[in-house]
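Working notes for the structure below.
Nothing in this text is a laboratory measurement; each read-out follows from the coordinates by a stated rule. Everything numeric here is computed off the predicted structure, so don't read it as measured data. No Cβ is skipped: glycine too gets one built from the backbone with ideal geometry, and neighbour counts run over all protein chains shown.
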Amino acid sequence: MTSSTGLRPAAATVDIEAHLLVLFGATGDLAKRKLIPALYSLMKRRNFDDTTRVLGVATSDLSDDDYREVVRDALIKSGVDEDEAREWCAEVISYQTIKAGFGTLQGRIDEIESGAGLPGNRVFYLAIPPGVFDDTIEGIASVGLHESEGWTRVVVEKPFGVDFESASELNGLLHRWFHEDQIYRIDHYLAKETVQNILVFRFANPIFESSWNRDRIDSVEITVAETLGLEGRASYFDRSGMIRDVVQNHVFQVMTLMAMEPPVRLDSGAIRDEKVKVLRSIYPMTIDGVVRGQYSAGTSDGDIVPGYQDENGIEGESKTETYAALRVCIDNWRWRGVPFYLRAGKRMPERLTQVVVRFKRPPVYLFDGEGACRVHANVMYITLQPDEGFDLRFDVKIPGEGLELTPQSLSFRYGDVFGELPDAYETLIVDFLAGDQTLFVRGDEAEEAWRILEPVIGLDSNPESYEAGSWGPRAAADLITGEGDHWHPQHED
Ligand SMILES: NC(=O)c1ccc[n+]([C@@H]2O[C@H](COP(=O)([O-])OP(=O)(O)OC[C@H]3O[C@@H](n4cnc5c(N)ncnc54)[C@H](OP(=O)(O)O)[C@@H]3O)[C@@H](O)[C@H]2O)c1
């Protein structure tokens, strides 16, 4: 069966070879809410369900039929017809508890592969708590499952480590049993169409790329804002915090795509080389370049919500940040002196992922003078979600007597032109099945990101307080050093 997604040319169809997907964490939230619906929709659309088998693995003691019911419920919740879901489950899905050991798992895999006539191509998808990554990887290798007659790939969900040391150790463990080209570290942001489009926007449109440097750009701002609080993830989040949970991965991925040099080719090695070079150009953060915040009680989406300390599952006095703003300097030829302002927060006024590129003002303020004739900086807003699109702000003369300027926008919205955008997990699944690593994080990339953030993660100081439903602590405003510059919370500011 052929397909094409990601950054491959549309005409370059790829084979999805017959394979077994071994899904560790098969009963978990991610599997039920994202992976299984994406897999189903993909298989139906691309018609490879007769050459694919899925073996769910978790700790629960379930029979094949029990687990098929779990999968069926997840599919029905995602809008799939009940009979179709049942038929698909009977055809494709099996289950094995890991409590029976890896030897039993090996036997089960052999049985499914020979029963379905599969050639031994295997994906081990680790959608499991990070605390059991090591045992699972060792377990797979202990019975030789990492070697087969076909290809073997391992997919690792985020978070990839909790700091530089743990990420290096995890890389070391993976590399003991798998080559780097078999390892797919997930950051689902990379599979968002709007994030991939940063490369197209920059490198297919010389009008922008020629301005993409310290001569023309004043600052770059990246915001990842959520309205959500903890949503039942208190115990995980309280040990993690916003810098680990969102900045190290999603925000840094967007930053590297915005800042990288043109790759020599459109392949995963060349693209990832350039992203790593950006990270290598950044010195480790210092405390004065970071503002950490934690939300107090306030409102969210019209509801009164508790402060972080009073959330279910938060015990004692927590110093975990639910907001982080950082000023990052990329010390290379292109970007020296251009601050990258990064922020990520929970309980913000709106859900928004946006890049704001603020261009330099004209060298001579011809139109500034006495009166109301203010020249505004050109600003490019790249909205990655929701209401995906671009807005380029520039000044125009207000018609009439006298000279007065007003900023207006050239705008493009994905929804107006393309309708609904594809699901990121579908893109990732096709890519790891096709063996395309472009949209996955390379081992050195993950380590470099941790190296930069190491001095500012897990700090013992009290974060600044901000009201739920606000744009974060006031102290974040002081991070912005440019004259007249400020955070851009929304389009009309
Ligand atoms: N949920 C999300 O939206 C999301 C987003 C991004 C990344 N992630 C990452 O994805 C992973 C899973 O997250 P989740 O939210 O799905 O967690 P979850 O709801 O807590 O589910 C964990 C799953 O792992 C299984 N499990 C636990 N220990 C296992 C072992 N030794 N071997 C095999 N399976 C085992 C559990 O099985 P039993 O239930 O049978 O015990 C359960 O199926 C985590 O690393 C998380 O950080 C999740």
(request) With a Förster radius of 30 Å, plug the Cβ-Cβ distance of ASP478 and GLU317 into 1/(1 + (r/R0)^6) and report the FRET value to the nearest 0.05. (result) 0.75
(request) With unit charges on the beta carbon (Lys/Arg positive, Asp/Glu negative), name the residue among GLY56, GLY469, SER211 whose Cα is farthest towards the positive pole of the charge dipole of the chain. (result) SER211
(request) With a point put 7 Å past each Cα toward its Cβ, work out how far ARG45 is from TYR283 in nm, to one decimal. (result) 4.6 nm
(message) With bins 10 Å wide starting at 0, give me the P(r) of region 18-150 over every alpha carbon pair, in whole percents.
(response) 12, 47, 34, 7, 0
(request) Treat each spin label as a single point 7 Å out from the Cα along the C-beta direction, and report the ASP303 to ARG176 distance in nm. (result) 4.5 nm
(request) Note the direction-averaged projected area, equal to a quarter of the hull surface, for the Cα convex hull of region 68-216, in nm². (result) 13.6 nm²
(request) With runs of 4+ DSSP H residues as the only contributors, calculate the mean residue ellipticity of the chain at 222 nm using -39,500 (n - 2.57) per run, divided by the residue total and rounded to the nearest 500. (result) -8500 deg cm²/dmol
(request) Treating the angle as unsigned and between 0 and 90°, give the value, to the nearest 10°, between the Cα long axis of helix 424-434 and the longest Cα principal axis of the chain. (result) 50 degrees
(request) For region 405-466 and region 316-393, write down the distance between their C-alpha centroids in whole Å. (result) 16 Å
(request) Scan the chain and hand back the longest stretch that contains none of the trypsin sites (Lys or Arg not before Pro) lying in DSSP loops with at most 15 other Cβ atoms within 10 Å. (result) 1-213
(message) If R₀ is 22 angstrom, what is the calculated FRET efficiency for the pair LEU266 and ASN332, using the beta carbon separation as r and rounding to 0.05?
(response) 0.50
(request) Report the semi-axes of the equivalent ellipsoid for region 371-413 in whole Å, largest first, where each axis is √(5λ) for an eigenvalue λ of the Cα gyration tensor. (result) 27, 10, 6
(message) Expected output is a single nm value to one decimal: the length gained when fully extending between PHE418 and SER142, i.e. 0.36 nm times separation in residues minus the C-alpha distance. What is it?
(response) 94.6 nm
(request) Go ahead and run the numbers for FRET between ASP460 and ASP485, Cβ-Cβ distance against an R0 of 45 Å, rounding to 0.05. (result) 0.90
(message) At most 12 other C-beta atoms within 10 Å and a DSSP loop state: those are the exposed chymotrypsin sites (Phe, Trp or Tyr not before Pro) I care about. Give me the longest piece of the chain that has none.
(response) 1-332
(message) So for the chain, averaging the separation of alpha carbon pairs under 8 Å that are six or more residues apart and normalising by length, what relative contact order in percent results?
(response) 18 percent
(message) I'm checking a number: the convex hull volume of the Cα atoms of the chain, normalised per residue, in Å³. What is it?
(response) 168 Å³
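Work out the length of the dipole vector of region 18-150 about its Cα centre, built from +1 on the beta-carbon of each Lys and Arg and -1 on the beta-carbon of each Asp and Glu, and round it to the nearest 20 debye. List each step's numbers first, then the result.
On the way: 14 positive and 23 negative charges, 97 e Å.
Approximately 460 debye in magnitude.
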(request) Mind checking region 139-209 for GluC sites (Glu not before Pro) that DSSP puts in a loop (not H, G, I, E or B) and that have at most 12 other Cβ atoms within 10 Å? (result) GLU147, GLU149
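What dipole magnitude, in Debye to the nearest 20, does the chain give about its Cα centre under +1 on Lys/Arg Cβ and -1 on Asp/Glu Cβ?
1160 debye
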